[in-house]
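Reviewing the structure listed below.
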Amino acid sequence: LLGIGVAAALALLAVVYGVFAALSGQDWPTSEALRIQPLTSFEGMEVDPSWSPDGSLIAYSHSGSGNLDIYVMSAGGGEPIRRTDSPADETYPRWSPDGQHIAFASGRGDETSIYLIPPLGGSARALVGTQLEPFLGRAELGAMPWSPDGQELLFSRGHQSRETAIWKVNVETSEETQVTHPPPGGHDLAAAWSFDGTRIAFHRSENGRESLWLLDTQGGEARPLLHDEHNYRSPAWSADGRRIVFATDRAGPAGLWEIEVASGRLRQLVPKVSRVIAEDPTPATGREGKLAYIEKVHDVDLYWRDVASDEERQLTSGTGDDEAARVSPDGEQVVYSSNRTGNWEIWLLDLTTEED
């Protein structure tokens, strides 16, 4: 006897994106007007998205090989290209403004270091050490660490006094300069350069709270932008520099909000990003008005079991729910419901080829 079994698994992280007119300089639409759809649907953890300068490609970290490696994929879908294969975790891929390099963090040794790699082919080269231990989960690279001219890169570095400051390094000369000076016990992380290069946003962790700060690149002291009883993380600038998207717990464990820098006006963007690992959707903005972020989703796959032999094989996989399966009278096809594209649809699977 044959039957269809449905197995539920804890969902891993999926990268999704929405088109936001405001990121190109227009007013933010209401939450109901946002178009949000899955971008990846592979097994494993998919985190740390970064858009290519023209918005056609996206880089991210994926655990499909057993540890986190850097992958590059077309924003329109298709098979991703694996760009690293170190046994160490590689995280925070960040695209250079000219599209020629991807910076990323990797714990290939006693400390996390920053590397550069060409997007579609070629070897990685070490750029600078962070003096931070691997696997601490700190954002050594923010959403937008590159200067607009692509000559300098912002990163976070640990000090012997246990503070973490933001530094910048010239990618050609390797000259390093300290940018922020946190208070005792403070950690400055996730630095993001505005698209015009005039300001740097970052989050500061201090006394159990995380706040958003701004720094003018022409000089002066850093000033708090959002500093209260809530936590604020992972800033990313809109293309016109008027707004910053960030992760916060203002309305739950995790959510995406934006702030208009000049007025301080706040608005919730995606109110239901609540099942995110480490409570951080890690937003990434692009010049084309796109926003990528991560969300933890539920995963249900279809299985085929031979009741007589108790043999079982998996028919579907990915981040999404495949359910309500029905077998055709000839036993060669299965029709089922799936939300893998972001909407519930009817799918047909050929059992002879196991192709949808």
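The values are calculated or read from the model by the stated rules, or taken from the named source; none is laboratory data. These numbers were taken from a predicted model, which means no experiment stands behind them. Protein only, heavy atoms only, side chains kept; ligands, DNA and RNA dropped before computing areas. Shrake-Rupley method; radii C 1.70, N 1.55, O 1.52, S 1.80 Å.
With all protein chains kept in place, the per residue accessible area of the range 141-280 amounts to 43 square angstrom at a probe of 1.4 angstrom.
Radius of gyration (Cα atoms) of the range 65-176, expressed as a multiple of 2.2 N^0.38 Å: 1.05.
Go through Leu154, Leu127 and list them by solvent-accessible area, largest first, probe radius 1.4 Å.
Numbers: Leu154 0, Leu127 20 Å².
Most to least solvent-accessible, the answer reads Leu127, Leu154.
Accessible area ranking (1.4 Å probe, heavy atoms, ligands and nucleic acids excluded), largest first, for Glu175, Glu345, Glu140: Glu175, Glu345, Glu140. In the full protein context, the range 48-96 carries 34 Å² of accessible surface per residue, based on a 1.4 Å probe and ignoring ligands, DNA and RNA.
Can you compute the equivalent ellipsoid semi-axes for the range 161-246, i.e. the square root of 5 times each eigenvalue of the Cα gyration tensor, sorted largest first and rounded to whole Å? Intermediate values should be presented prior to the final figure.
On the way: eigenvalues 81, 66, 21 Å².
Three semi-axes, in Å: 20, 18, 10.
For the residues Phe155, Phe195, a 1.4 Å probe over the protein chains yields an accessible-area ranking, largest first, of Phe195, Phe155.
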